[in-house]
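Asker: Have a look at the structure that comes next, please.
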Amino acid sequence: MKLSIIINSLNIGGAEKLVADSFPLIKEKIEETQLIVLKNNPSFIAKQLDQKGEHVKFLDKGSLYNPFLIFKLIPILRKSEVVHFHLFPTLYWVVIASMFVRNKPKLIYTEHSTHNKRRDSKIFKFLDRLVYSRIDTIVSISKDVDSNIKKHLGQTFESKVSMVQNGVDLQTIISATAYHKFDLEFEDSDILLLQVSSFRWQKDQATLIKALKSLPSEYKLLLAGDGPLREEMEHLVKELDLTGRVQFLGNRPDIPNLLKTADIIVLSSKHEGLSLASIEAMASGKPFIASDVPGLREIVKGYGLLFEQGNEKALADTILSLEKNPGMKENVVKACQKRSEEFDIQKMVDAYIGLYTSVVS
């Protein structure tokens with residue numbers, strides 16, 4: 001089988017990390033597998049793949065929204081039996097390119113989010129249905145993603161949708177070692193909160209920053225990630241006089257070590273698909289708090305702790321409840337670790353291998 005996996009870029013992000021982590025494992029089972037990345041820009045994810053000796057084919061250094069990428073995809077599709085692709089605009093470019101291929105490969109698209117802005121537009125809703133109609137299999141990564149994509153596309157698409165839950169390299173998280181807090185310029189007595197996410201509207205770091213204002217001074221916050229709203233969040237920290245209590249870490253290759261170093265891990269998103277960051281947090285042996293929203297609720301409820309999204313007081317109260325009740329904290333950690341075992345990356349890879357085999361048989 002000749003398999004091509006295609007994605008927008010290898011910038012830091014859940015889908016990007018998922019593809020980078022799973023590509024070598026898929027290649028072990030399907031030797032003729034190639035990873036195609038539309039935009040070539042520096043990232044530690046790309047560097048890590050290079051260090052492992054994994055070849056990545058980059059198509060361009062320009063805009064992801066350049067329609068000429070279609071012409072670069074056409075010869076790739078002609079030589080492929082199965083094409084597995086991720087994210088927008090790769091979604092549109094691959095499907096359009098397939099229209100120019102006589103022997104069209106089987107197209108598998110993974111839907112990563114419960115919502116996107118295209119679904120709020122009547123024009124894009126119409127275009128989405130045209131595009132998705134040419135895809136052989138649509139993979140949803142969670143129950144919430146599954147129900148939302150079926151609602152968006154309509155009943156005629158339901159038979160095309162299969163669910164394969166995202167997976168995480170759990171052993172990397174479990175075996176990581178913590179840093180000393182003074183290495184991060186904190187005191188041993190400080191209580192470190194950590195959120196790992198890009199700085200985008202969806203991730204809502206503002207709620208966590210505002211919650212920190214209500215917490216005692218020994219509570220400090222680490223924000224790992226980067227993105228268009230980072231500068232706005234830095235301004236908010238200054239506005240709330242929290243500069244000495246918040247560190248912006250940027251994109252980091254040592255997330256497992258940071259998870260082990262933190263005392264409490266938080267994800268304050270407005271919505272998610274199936275959050276890899278949440279699974280990694282739950283595997284880390286630290287208590288995990290998440291907003292009560294689609295894509296997090298189904299993973300965390302009954303294991304970690306949930307708070308009302310956007311409610312900084314509720315978040316602050318939930319954080320304090322962990323320190324006031326050590327027994328509850330211990331139970332949350334154990335339950336989270338048990339839950340994370342359901343999302344081992346090898347289970348996901350095996351499910352995809354079965355899917356690839358089924359579409360060409």
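Asker: How many residues are more than 18 Å from the chain's Cα centre (by Cα), surrounded by fewer than 21 Cβ atoms within 10 Å (Cβ to Cβ) and hydrophobic (A, V, I, L, M, F, W, C) if we restrict to segment 37-57?
Answerer: Residues flagged as more than 18 Å from the chain's Cα centre (by Cα), surrounded by fewer than 21 Cβ atoms within 10 Å (Cβ to Cβ) and hydrophobic (A, V, I, L, M, F, W, C) within segment 37-57 amount to 1.
Asker: To continue, here is another question. Consider HIS235 carefully, then state whether it is touching a Ser or Thr at 6+ places or on another chain (Cβ under 7 Å) and either in contact (Cβ under 8 Å) with a residue 40 or more places away in the chain or surrounded by fewer than 22 Cβ atoms within 10 Å (Cβ to Cβ) (or both). Please lay out each step first, then the result.
Answerer: Details: touching a Ser or Thr at 6+ places or on another chain (Cβ under 7 Å): no; either in contact (Cβ under 8 Å) with a residue 40 or more places away in the chain or surrounded by fewer than 22 Cβ atoms within 10 Å (Cβ to Cβ) (or both): yes.
The answer is no for HIS235.
Asker: Is segment 290-302 home to any residue that is aliphatic (A, V, I, L, M) and assigned to a loop (DSSP other than H, G, I, E, B)?
Answerer: Yes, segment 290-302 has at least one match.
Asker: Please verify whether segment 189-204 includes one or more residues that are out of contact with any Pro (no Cβ under 8 Å at 6 or more places or on another chain) and free of Cβ contacts under 8 Å to residues at least 24 places away in the same chain. Write out each step before concluding.
Answerer: Of the residues in segment 189-204, the ones out of contact with any Pro (no Cβ under 8 Å at 6 or more places or on another chain) are 189-198, 201-204.
The next check asks that each one be free of Cβ contacts under 8 Å to residues at least 24 places away in the same chain; those that pass are none.
No, every residue in segment 189-204 fails to be out of contact with any Pro (no Cβ under 8 Å at 6 or more places or on another chain) and free of Cβ contacts under 8 Å to residues at least 24 places away in the same chain.
Asker: Which of the residues belonging to segment 207-237 are assigned to a helix (DSSP H, G or I) and over 21 Å from the mean Cα position of the chain (by Cα)? Can you show your working first?
Answerer: Start the filter on segment 207-237 by keeping residues that are assigned to a helix (DSSP H, G or I), which leaves 207-213, 230-237.
Answer for segment 207-237, where residues must be assigned to a helix (DSSP H, G or I) and over 21 Å from the mean Cα position of the chain (by Cα): ILE209, LYS210, ALA211, LEU212, LYS213, GLU231, GLU232, GLU234, HIS235, LEU236, VAL237.
Asker: Checking the conditions here, which among LEU249, LEU320, LEU258, LEU306 is within 24 Å of PHE186 (Cα to Cα), at pLDDT 95 or above and not in a helix (DSSP H, G or I)? Explain how you work it out, then say what you get.
Answerer: Details: LEU320 fails: not in a helix (DSSP H, G or I); LEU258 fails: not in a helix (DSSP H, G or I); LEU306 fails: within 24 Å of PHE186 (Cα to Cα).
It is LEU249.
Asker: Further question: Would you confirm, using the coordinates I've provided, whether ILE135 is open to solvent by less than 10 Å² (accessible area, probe 1.4 Å), in contact (Cβ under 8 Å) with a residue 40 or more places away in the chain and assigned to a loop (DSSP other than H, G, I, E, B)?
Answerer: Values: open to solvent by less than 10 Å² (accessible area, probe 1.4 Å): yes; in contact (Cβ under 8 Å) with a residue 40 or more places away in the chain: yes; assigned to a loop (DSSP other than H, G, I, E, B): yes.
Yes.
Asker: Could you check ILE149 against (1) more than 20 Å from LEU107 (Cα to Cα); (2) in contact (Cβ under 8 Å) with a residue 24 or more places away in the chain and say which number it fails?
Answerer: With (1) more than 20 Å from LEU107 (Cα to Cα); (2) in contact (Cβ under 8 Å) with a residue 24 or more places away in the chain applied to ILE149, the lone miss is (1).
Asker: Only one of SER22, SER9, SER4, SER80 is in contact with a Pro (Cβ under 7 Å, 6 or more places away or on another chain), among the polar types (S, T, N, Q) and either under 27 Å from GLY167 (Cα atoms) or open to solvent by less than 10 Å² (accessible area, probe 1.4 Å) (or both). Can you tell me which?
Answerer: Working: SER22 fails: in contact with a Pro (Cβ under 7 Å, 6 or more places away or on another chain); SER9 fails: in contact with a Pro (Cβ under 7 Å, 6 or more places away or on another chain); SER4 fails: in contact with a Pro (Cβ under 7 Å, 6 or more places away or on another chain).
Answer to the selection: SER80.
Asker: Out of the residues in segment 311-361 that are small (Gly, Ala, Ser) and open to solvent by 50 Å² or more (accessible area, probe 1.4 Å), which is nearest to ILE264 (Cα to Cα)?
Answerer: Within segment 311-361, the subset small (Gly, Ala, Ser) is 314, 316, 321, 327, 335, 340, 351, 354, 358, 361.
Those still in the list that are open to solvent by 50 Å² or more (accessible area, probe 1.4 Å) too: 358, 361.
On the way: SER358: 42, SER361: 47 Å.
In this case the residue turns out to be SER358.
Residue-by-condition table, conditions (1) touching a Leu at 6+ places or on another chain (Cβ under 8 Å); (2) open to solvent by less than 10 Å² (accessible area, probe 1.4 Å):
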site: LYS260; (1), (2): no, no
site: ILE265; (1), (2): yes, yes
site: SER269; (1), (2): yes, yes
site: LEU276; (1), (2): yes, no
site: LYS286; (1), (2): yes, no
site: ALA290; (1), (2): yes, yes
site: GLY295; (1), (2): yes, yes
site: VAL300; (1), (2): yes, yes
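Asker: While we're on this one: Sort out which residues of segment 30-78 are modelled with pLDDT under 95 and either part of a helix (DSSP H, G or I) or touching a His at 6+ places or on another chain (Cβ under 9 Å) (or both), and write them in order of number.
Answerer: PHE44, ILE45, ALA46, LYS47, GLN48, LEU49, ASP50, GLN51
Asker: A further question on this structure: Going by what's in this entry, would VAL101 be described as in a helix (DSSP H, G or I), among the β-branched types (Val, Ile, Thr) and open to solvent by less than 30 Å² (accessible area, probe 1.4 Å)? Working first, answer last.
Answerer: On the way: in a helix (DSSP H, G or I): no; among the β-branched types (Val, Ile, Thr): yes; open to solvent by less than 30 Å² (accessible area, probe 1.4 Å): yes.
Considered against the rule, which asks whether it is in a helix (DSSP H, G or I), among the β-branched types (Val, Ile, Thr) and open to solvent by less than 30 Å² (accessible area, probe 1.4 Å), VAL101 comes out as no.
The values are calculated or read from the model by the stated rules, or taken from the named source; none is laboratory data. Note that the coordinates shown come from a computational prediction; the quantities given were computed from them, not determined experimentally. Note that we place each Cβ from the backbone using ideal geometry, even for glycine, and neighbour counts take in every protein chain shown. Protein only, heavy atoms only, side chains kept; ligands, DNA and RNA dropped before computing areas. Shrake-Rupley method; radii C 1.70, N 1.55, O 1.52, S 1.80 Å.
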